[in-house]
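The values are calculated or read from the model by the stated rules, or taken from the named source; none is laboratory data. This one's a predicted model, so the numbers in the text were calculated from it and none came from an experiment. Using ideal geometry, Cβ is built from the backbone for each residue, glycine included, and neighbour counts are taken over all protein chains shown. Please note that ligands, DNA and RNA were not included when accessible areas were found on the heavy atoms of the full protein model with its side chains. Shrake-Rupley method; radii C 1.70, N 1.55, O 1.52, S 1.80 Å.
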Amino acid sequence: MGNREERLVQRVTEIYECVSKLPTLSPSKEVNELLTELVNICIPVIAIDVSKLSSKVQAMRSELIMLCGEAEGLLESHHSDLLASYDNPLDHLSLFPYYSNYLKLSLLEYTLLARHVPSRPGRVAFVGSGPLPLTSIVLAKRHMPAAEFHNYDVDPTANDRASRLVRSDPDMVARMAFHTADVLSVTDELRGFDMVFLAALVGVGHDEKVRVIEHLARHMAPGAVLVARSAHSARAFLYPVVEPAELTGFEVLTVHHPVDEVVNSVIVARKPKGDHAAGAAAVVRPCKCCEMVQGFHHFRHGSVMGDAAPEELPS
């Protein structure tokens with residue numbers, strides 16, 4: 001490991017130690033500053049393989065991802081409540097400081113899907129939708145105006161918050177459903193979806209992530225598409241990594257590792273048709289992996305916690 005990588009690991013460790021000592025990860029100036037710095041140092045493309053780091057650093061990384069996930073959930077809950085205070089919450093989504101990144105990530109995913117999956121989905125599931133289901137909302141409003149979206153989350157309060165955001169939009173009420181369930185308990189329902197999105201923080205630990213993917217491969221319909229979010233290089237300090245070879249039972253259509261401010265990598269895969277598909281090893285199309293998608297390089301990356309503290313936001 002070179003000096004640049006060593007300095008990165010050292011600073012990430014220092015930030016982790018600070019974050020882990022905070023009394024709360026609710027949105028605040030201190031939380032904002034620490035996590036903004038963390039994102040800023042992990043965004044540049046640094047060729048670091050987190051799987052080859054020491055066991056101590058890997059344990060720190062796992063804890064850091066869980067802390068970041070907790071902070072992200074608290075941030076989304078705060079802004080979901082803020083948006084719900086408006087008569088038409090969907091008209092004010094830009095109040096969420098990370099909204100532009102969701103627009104870019106959703107456009108990236110839709111572009112990859114349009115390129116590799118020409119048929120438009122009728123029913124879409126999003127696993128791990130949270131209290132502020134921006135991906136589902138953006139895709140439904142901008143890119144898939146005829147599709148039904150079924151959002152799954154284990155937290156009933158998250159679904160309550162999310163459902164309030166669409167209550168004043170008749171079209172979204174008709175096409176957007178929220179289900180409180182652990183995806184590992186969802187079986188027959190999965191066969192009714194043409195496409196399933198797997199959020200990055202569903203299955204934070206490697207074994208848990210693999211169990212979720214295997215479950216989806218077992219119960220999704222043959223021919224259905226999986227969109228799995230992952231992370232690459234230094235961004236793997238922010239989110240779990242999904243390796244294409246771990247998508248057992250799927251044919252990997254494409255893998256995209258952003259080189260700009262979009263944090264998550266995107267894997268698009270399809271469950272082959274045939275009864276043997278769920279138990280088959282992942283099939284990777286080598287000519288389609290790690291492709292570059294142009295047009296996502298010119299926007300300002302907002303901080304994880306936003307440029308304004310909660311008390312500075314409009315009410």
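Of all residues in the stretch 178-201, count the ones that are among the β-branched types (Val, Ile, Thr), touching a strand residue (DSSP E or B) at 6+ places or on another chain (Cβ under 9 Å) and either modelled with pLDDT under 95 or farther than 26 Å from Ala231 by Cα (or both).
Qualifying residue count for the region: 1.
Out of (1) closer than 22 Å to Val241 by Cα; (2) touching a residue at least 12 places away in the same chain (Cβ under 8 Å), the odd one out for Leu75 is which?
(1)
Of the residues Ser100, Ser94, which is of a type in the set (Ser, Thr, Tyr), closer than 20 Å to Thr36 by Cβ, within 15 Å of the chain's Cα centre (by Cα) and surrounded by fewer than 18 Cβ atoms within 10 Å (Cβ to Cβ)?
Going through Ser100, Ser94 in turn, the sole match is Ser100.
If the requirement is being over 22 Å from Ser85 (Cβ atoms) and at pLDDT 95 or above, which of these qualifies: Arg120, Arg175?
Arg175
On the given criteria, is Thr13 in a helix (DSSP H, G or I), open to solvent by less than 60 Å² (accessible area, probe 1.4 Å) and without any contact (Cβ under 8 Å) to a residue 60 or more places away in the chain?
Spelling it out, Thr13 is indeed in a helix (DSSP H, G or I), open to solvent by less than 60 Å² (accessible area, probe 1.4 Å) and without any contact (Cβ under 8 Å) to a residue 60 or more places away in the chain.
Considering the stretch 33-45 alone, what residues qualify as being surrounded by fewer than 19 Cβ atoms within 10 Å (Cβ to Cβ) and within 21 Å of the chain's Cα centre (by Cα)? Steps first, please.
Within the stretch 33-45, the first condition is being surrounded by fewer than 19 Cβ atoms within 10 Å (Cβ to Cβ), and the residues that meet it are 33, 36-37, 40-41, 44-45.
Of everything in the stretch 33-45, those that are surrounded by fewer than 19 Cβ atoms within 10 Å (Cβ to Cβ) and within 21 Å of the chain's Cα centre (by Cα) turn out to be Thr36, Glu37, Asn40, Ile41, Pro44, Val45.
Among the residues of the stretch 219-254, what is the count of those that are touching a Gly at 6+ places or on another chain (Cβ under 7 Å) and not in a loop (DSSP other than H, G, I, E, B)?
0
Checking the condition closer than 19 Å to Ala125 by Cα and touching a residue at least 12 places away in the same chain (Cβ under 8 Å), which residue from Ala245, Ala234, Ala181 passes?
Only one candidate passes the filter, namely Ala181.
With respect to Ile65, determine if the residue is touching a helix residue (DSSP H, G or I) at 6+ places or on another chain (Cβ under 8 Å), closer than 15 Å to Gly205 by Cα, among the β-branched types (Val, Ile, Thr) and not in a loop (DSSP other than H, G, I, E, B). Don't jump to the end; show me each part of the working.
Working: touching a helix residue (DSSP H, G or I) at 6+ places or on another chain (Cβ under 8 Å): yes; closer than 15 Å to Gly205 by Cα: yes; among the β-branched types (Val, Ile, Thr): yes; not in a loop (DSSP other than H, G, I, E, B): yes.
In short, yes.
Among the residues of the stretch 249-275, what is the count of those that are open to solvent by 40 Å² or more (accessible area, probe 1.4 Å) and either of a type in the set (S, T, N, Q) or within 17 Å of Glu109 (Cβ to Cβ) (or both)?
Of the residues in the stretch 249-275, 4 are open to solvent by 40 Å² or more (accessible area, probe 1.4 Å) and either of a type in the set (S, T, N, Q) or within 17 Å of Glu109 (Cβ to Cβ) (or both).
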